[in-house]
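Chemist: This is the structure, below, for whatever I ask next.
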Amino acid sequence: MLNDVLWPDGAPSPNALQALVSKLRKSIAPMTIDATGTSYTLVLGRGVIDAHRFEQLVTAGREAAAAGRPESAVTHLDVALALWRARPYGRARTALADSGFEAAFAAGAADPDTEIVRCRQRAVSA
């Protein structure tokens, strides 16, 4: 399925794929790619992905607000908001929808649009 999205004209040979993965490994350090049988998994830390970082900052903002530290809450929430320069997951949403995977996206991801609105409301009320 993913092969069809990445290589609509046919997947590369196993040797060519290994060469591509090798180049990718060099360019994405410190992230890693694990090989399991005939498949590969990109291993990312939670702080590497903007969406995860956003969630961490929103949580920190909530906790600061709840603890009576509004300045800290606003700082965390402002940094969280600054992570988004465009519609969250914009290209991923389009690619998945075009490939018939939109249900998988919807099942696996929180709606960042809603979180951004909530985050802005928290920043204003703090």
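The values are calculated or read from the model by the stated rules, or taken from the named source; none is laboratory data. Source: prediction; values computed, not measured. Backbone-built Cβ (ideal geometry, glycine too); neighbour counts: all protein chains shown. Quick note on the areas: whole protein, heavy atoms, side chains included, nothing else; ligands and nucleic acids left out. Shrake-Rupley method; radii C 1.70, N 1.55, O 1.52, S 1.80 Å.
Chemist: Assess whether VAL21 counts as being open to solvent by less than 70 Å² (accessible area, probe 1.4 Å), in contact (Cβ under 8 Å) with a residue 40 or more places away in the chain and of a type in the set (A, V, I, L, M).
Modeler: Numbers: open to solvent by less than 70 Å² (accessible area, probe 1.4 Å): yes; in contact (Cβ under 8 Å) with a residue 40 or more places away in the chain: no; of a type in the set (A, V, I, L, M): yes.
Taking the combined requirement at face value, the residue does not satisfy it.
Chemist: Shifting gears a bit: I'd like to verify a number: residues in segment 43-69 that are free of Cβ contacts under 8 Å to residues at least 12 places away in the same chain and either hydrophobic (A, V, I, L, M, F, W, C) or not in a loop (DSSP other than H, G, I, E, B) (or both), how many?
Modeler: Of the residues in segment 43-69, 7 are free of Cβ contacts under 8 Å to residues at least 12 places away in the same chain and either hydrophobic (A, V, I, L, M, F, W, C) or not in a loop (DSSP other than H, G, I, E, B) (or both).
Chemist: Just to be sure, is ALA73 in contact with a Gly (Cβ under 8 Å, 6 or more places away or on another chain), small (Gly, Ala, Ser), more than 22 Å from LEU6 (Cα to Cα) and not in a loop (DSSP other than H, G, I, E, B)?
Modeler: yes
Chemist: Among the residues of segment 29-40, how many are polar (S, T, N, Q), open to solvent by 70 Å² or more (accessible area, probe 1.4 Å) and assigned to a strand (DSSP E or B)?
Modeler: 1
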